[in-house]
Amino acid sequence: MADIEKVIKGLGKCSCIYGIRCEECPYVNDDKCVDILCSDALELLKGKEVKVEIEGGGSTWFYVCGECHTSASKHSKYCRECGRRLIWDA
């Protein structure tokens, strides 16, 4: 599991993208440090996505955030309560 504080510090200190060695970067300064940093950041971002679920009963059904179950308007991109990115199945 990626460490969010390490990723934040790495993103703030990384200069390897520009061919400059990073100072105070928590990632090892080798040929793969940017790849590892990007992989960790992607892992953290994907953890913030949830699928939209359907709840209700009888003739009343509605969409909700899969995390906090707050109602979601059709095609909302983010939950208005917990802020997670909503994934709508096609």
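The residue that is surrounded by the fewest Cβ atoms within 10 Å (Cβ to Cβ), among those in segment 46-75 that are in a loop (DSSP other than H, G, I, E, B) and among the hydrophobic types (A, V, I, L, M, F, W, C), is 68.
Within segment 27-36, at least one residue is closer than 16 Å to residue 8 by Cα, among the aliphatic types (A, V, I, L, M) and surrounded by 14 or more Cβ atoms within 10 Å (Cβ to Cβ). Here residue 5 does not qualify as on the phi > 0 side of the Ramachandran plot and either charged (D, E, K, R) or at pLDDT 75 or above (or both). If you go through segment 33-85 and keep only what is among the aromatic types (Phe, Trp, Tyr) and within 21 Å of residue 7 (Cβ to Cβ), you end up with just 78.
Listed here are the residues, each with its yes/no results for (1) free of Cβ contacts under 8 Å to residues at least 12 places away in the same chain; (2) in contact with a strand residue (DSSP E or B) (Cβ under 6 Å, 6 or more places away or on another chain).
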| site | (1), (2) |
| --- | --- |
| 44 | no, no |
| 49 | no, yes |
| 53 | no, yes |
| 57 | yes, no |
| 64 | no, yes |
| 70 | no, no |
| 85 | no, yes |
| 88 | no, yes |
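Listed by first and then second residue, the pairs with beta-carbon distance under 8 Å, at least 6 apart or on different chains, first residue in segment 1-28 and not assigned by TED's automatic domain parsing to the domain that holds residue 41, second aliphatic (A, V, I, L, M) and modelled with pLDDT under 75, form an empty list. Condition (residue is modelled with pLDDT under 90 and at negative phi) applied to segment 60-74: is it met by at least one residue? Among the residues of segment 60-74, at least one is modelled with pLDDT under 90 and at negative phi, which makes the answer yes.
The values are calculated or read from the model by the stated rules, or taken from the named source; none is laboratory data. Remember, predicted model here, so these are calculated numbers, not experimental data. Here Cβ is always computed from backbone atoms with ideal geometry, including for glycine, and neighbour counts include all displayed protein chains.
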